[in-house]
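Participant: First the structure, then my questions, so here it is.
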Amino acid sequence: MSALSVLFVGGTGKISSACVARALEASMDVFVLNRATTTARPLPAGVTTIKADIRDAASVRCALGQREFDVVADFVVMTEEHVLQDIEIFGGRTAQYVFVSSASAYQKPVARLPIVESTPLCNPFWQYSRDKIACEGLLADAYRATGFPVTVVRPSHTYDKTMVPFDGGWTVVERMRRGKPVVVHGDGTSLWTLTHHDDFARAFVALLGNPQAVGDTFHVTSDEVLTWNQIHEIVARAAGAEPRLVHVSSETIATVLPEWGPGLLGDKSHCLVFDNTKIRRVAPGWEATIPFSRGAREVVEWFDGDPARRAVDPRVDEAMDALTAGCS
């Protein structure tokens, strides 16, 4: 029996890199299509690289030639235009097309917890989420009309060692190390789910080539639920710091740092707790096993490994000074 052939479009991002590595471990025949630019996550040995720009349909067709794949997983689809192009390129070329959507697409404010895959999709705050919803709609139409073999996967705040899970990034950690106050939205007690990319990858790869997954939708998240206060405290502990948390309304933060507004008001300010029963039905035995306490240590160790990674954003630093002014 020949190995399952899988084409990853992207393949070097914080989520897709772990999925590529896991697919190789599962003895799949792994191909990666990207522009082959320099990346912080180099591809492992055993991957066949196909150099092309997915946004240039002609270059993709030329690079692929007559190749067909058991699975195509596209991690860089963001708009309806991208979906239509993928349907045109990969229709008839694969037995399964995996669209990586986002759990931020779920209804905000959340009407009922835990979130399940049938929770309505509606996010009036964040264009990114609305675009993912529109993409899912087009793919569902294509599945119903022509049998286009789509599987939708919705990650939620999946991280790797290169990512501090705050909008302010490493600047927040440096402030905690210096004893400066850091901003936490609301009262810090809203519930949140952080998923290590290795945990996500094990479930994701279980969907590849799985006939039970075609025409269906799955989210994949950790079952560990933390408050934002706890998340800051865990990161501070990993960094050897004592956090000084100052609570500020999400609306006020969005006024001072408007680029944070959509993701904050459309996602992070809400309680997000997920029911992972559905993914376990098709990936028996899977569970997320990496607690954030361990993940936070990996993050801090990676940043501490190179001073160049520990850059402070002066604009964020200044905004946090303003937002916490007068707080003891």
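Participant: Students often forget the sequence filter, so: which aspartates and glutamates lie under 12 Å Cα-Cα from residue 180 once same-chain residues fewer than 8 apart are removed?
Facilitator: Result set, ordered by chain and number: 242, 317, 318, 321.
Participant: Let me ask another. Which net charge results for the neighbourhood of residue 136, defined as the other residues with beta-carbon distances under 14 angstrom from its beta-carbon, given Lys and Arg at +1 and Asp and Glu at -1?
Facilitator: Neighbour charge sum, excluding residue 136 itself: -3.
Participant: Ok, one more. What angle do you read, to the nearest 10 degrees and between 0 and 90, between the alpha-carbon axis of helix 292-304 and the longest principal axis of the chain?
Facilitator: On a 0 to 90 degree scale, this one is about 80.
Participant: Might you report the magnitude of the Cβ-based charge dipole of the range 185-250 about its Cα centre, with Lys and Arg at +1 and Asp and Glu at -1, to the nearest 20 debye?
Facilitator: Taking the Cα centre of the range 185-250 as origin, the dipole is about 120 debye.
Participant: Roughly how big is the range 1-142's charge dipole about its Cα centre, with Cβ charges of +1 (Lys, Arg) and -1 (Asp, Glu), in debye to the nearest 20?
Facilitator: Taking the Cα centre of the range 1-142 as origin, the dipole is about 440 debye.
Participant: Restricting to bridges with both residues inside the chain, how much of the DSSP beta-bridge set is antiparallel, in percent to the nearest 5?
Facilitator: 10
Participant: Please arrange 135, 62 by counting, for each residue, the other beta carbons lying within 10 Å of its beta carbon, fewest first.
Facilitator: 62, 135
Participant: Mind putting a number on the dipole of the chain about its Cα centre? Charges go on the C-beta only, +1 for Lys and Arg and -1 for Asp and Glu, and I need it in Debye to the nearest 20.
Facilitator: Roughly 280 debye for the chain.
Participant: Relative contact order of the chain, please, whole-number percent, based on alpha carbon pairs below 8 angstrom and at least 6 residues apart.
Facilitator: 19
Participant: Can you tell which of 191, 31, 96 lies farthest toward the positive end of the dipole of the chain, using +1 and -1 charges on the Cβ of basic and acidic side chains (Lys, Arg; Asp, Glu)?
Facilitator: Farthest along the dipole direction, towards plus: 31.
Participant: So what is the calculated 222 nm ellipticity per residue for the chain, using -39500 (n - 2.57) for each DSSP H run with n of 4 or more, over all residues, to the nearest 500 deg cm²/dmol?
Facilitator: Taken over the chain, the calculation gives -10500 deg cm²/dmol.
Participant: Could I ask something else about it? In whole angstrom, note down how far apart the Cα centers of the range 147-162 and the range 265-326 are.
Facilitator: That distance is 17 Å.
Participant: Could you list 67, 202 so that the one with the fewest beta carbons within 10 Å of its beta carbon is first and the one with the most is last?
Facilitator: Result, fewest neighbours first: 67, 202.
Participant: Something else: Amide H to amide H, which residues 5 or more places from residue 32 or on other chains are under 5 Å from it, using H placed in the peptide plane?
Facilitator: Answer set, sorted by chain and number: 8, 48, 49, 50.
Participant: Once fully extended, how much extra length lies between residue 68 and residue 247, figured as 0.36 nm per residue of separation less the alpha-carbon to alpha-carbon distance?
Facilitator: Here the answer is 59.2 nm.
Participant: Is the range 40-189 rounded, prolate or oblate when judged by the Cα gyration tensor, a ≥ b ≥ c being the square roots of its eigenvalues, rounded requiring a/c under 1.5 and prolate requiring a/b larger than b/c?
Facilitator: Oblate is the answer for the range 40-189, as a/c is 1.5 or above yet b/c matches or exceeds a/b.
Participant: What lysines could a cross-link reach from residue 278, if we take a straight Cα to Cα line under 21 Å and drop same-chain neighbours fewer than 8 places away?
Facilitator: Here the lysines satisfying the reach criterion relative to residue 278 are 132.
Participant: OK, next. Determine the sum of side-chain charges near residue 89: Lys and Arg each +1, Asp and Glu each -1, restricted to other residues whose C-beta is under 14 angstrom from that of residue 89.
Facilitator: Cβ neighbours under 14 Å give a net charge of -3.
Participant: Please work out the Cα center distance from the range 52-80 to the range 175-242, rounded to the nearest Å.
Facilitator: Spelled out, the Cα-based centre of one part sits 30 Å from the other.
Participant: Points 7 angstrom from Cα along the Cβ direction at residue 56 and residue 273: gap in nanometres?
Facilitator: With each label point 7 Å from Cα toward Cβ, the separation is 5.0 nm.
Participant: Measure nothing fancy, just the Cα-based angle from helix 314-323's long axis to the longest principal axis of the chain, in degrees from 0 to 90, nearest 10.
Facilitator: 50
Throughout, read-outs are computed from the coordinates displayed, never taken from laboratory work. Not measured: the values here are computed from a predicted model. Neighbour counts run over all protein chains shown; Cβ positions are idealised from the backbone, glycine included.
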